1. Length gain on complete extension for the stretch Val229 to Lys192, per 0.36 nm per residue less the alpha carbon to alpha carbon distance?
2. Considering only Cα-Cα distances, which of the following residue pairs are longer than 27 Å: Lys89/Lys169; Lys169/Lys192; Lys141/Lys202; Lys141/Lys169?
3. Taking the Cα centre of the range 109-243 as the origin, how large is its charge dipole in debye, to the nearest 20, when only Lys and Arg (+1) and Asp and Glu (-1) carry charge on their Cβ atoms?
4. So, in Å, what gap is there between the alpha-carbon centers of the range 119-159 and the range 186-231?
5. Under the Karplus relation 6.51 cos²θ - 1.76 cosθ + 1.60, θ = phi - 60°, what is the ordered set of whole-Hz ³J(HN,Hα) values for the range 234-239, x standing for Gly and Pro?
Amino acid sequence: MKLDEMKPVERSSPVERKTRPASDPTQKMPPRDSQTESEVTQNLEIEAIDIETFHGLTPEDLTPNARIAMMQLMEEIGQLRQELSRNRKRIAYLSNLSDHDELSTALNRRAFLRELGHAQILAREYGALNTLLFVTVRNLKDINEIHGHAIGDGVVEHVAETLVHHTDKANVIGRLGGAEFAVVLVGSNVDKSEEMAVLVGKLLSNQPFIDGDMRIQLEADVAVHALEVDEEADAALAGDDRDHPTV
């Protein structure tokens, strides 16, 4: 093809570009990011105080786009904080669940041994004495056979609640299994512990388990074991003091 046969590329003349019809100002424009300009401006004004507290920045330090991005960042930070709070509550709940007895508010055996070990460490550091109470519900087996295990489970919870509400908050209460409970009397000597053993025995005898019209009298033994300062938790639970109840 010859050069003089090539057709020039048609372009819009400047006049044509200037005389194009302008858009109708009354026509509604599509939303930008689902917000109108007035809504964006309003949100920026509302969030201004939050932006000011973010690393000392003021609204004048940021362009409009930067302010929008900052608002989105702060919203994401708020969502992350809420998620972190929910996760912490969940972890605390699971930790509490793993430490407590399945039938009562007392600690399970594993958690009780751990807390007993901690109490012994503190006793060695401060030259204090700890004492163990062993509480055994003698007639729990008969209760299960006569009234069923659902009633027996209620008795277990009743005993745990009685121990929790009538001993010092510093003490540690656990269920070792079956009908047997244990209490660490922190900083208590043998004389005081024997007095507490008598009190616990009377409480359990005088507070029967009640379920509707049913009243079940409890028969409980309470034994005292004075802990040596260097005595390990496992060795303390393996002793035979529980076989010689004080009450």
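Every number in this text was worked out from the coordinates using simple rules, so none of it is lab data. Every value quoted in this text rests on a predicted model; they were computed, and no experiment measured them. Don't worry about glycine lacking a Cβ; one is built from the backbone with ideal geometry, like all the others, and counts go over all protein chains shown.
1. Numbers: separation 37, 0.36 × 37 = 13.32 nm, distance 1.73 nm.
Going from the current span to full extension adds 11.6 nm.
2. Correct reply: Lys141/Lys169.
3. In debye, rounded to 20, the range 109-243 gives about 300.
4. 8
5. 4, 5, 5, 6, 8, x
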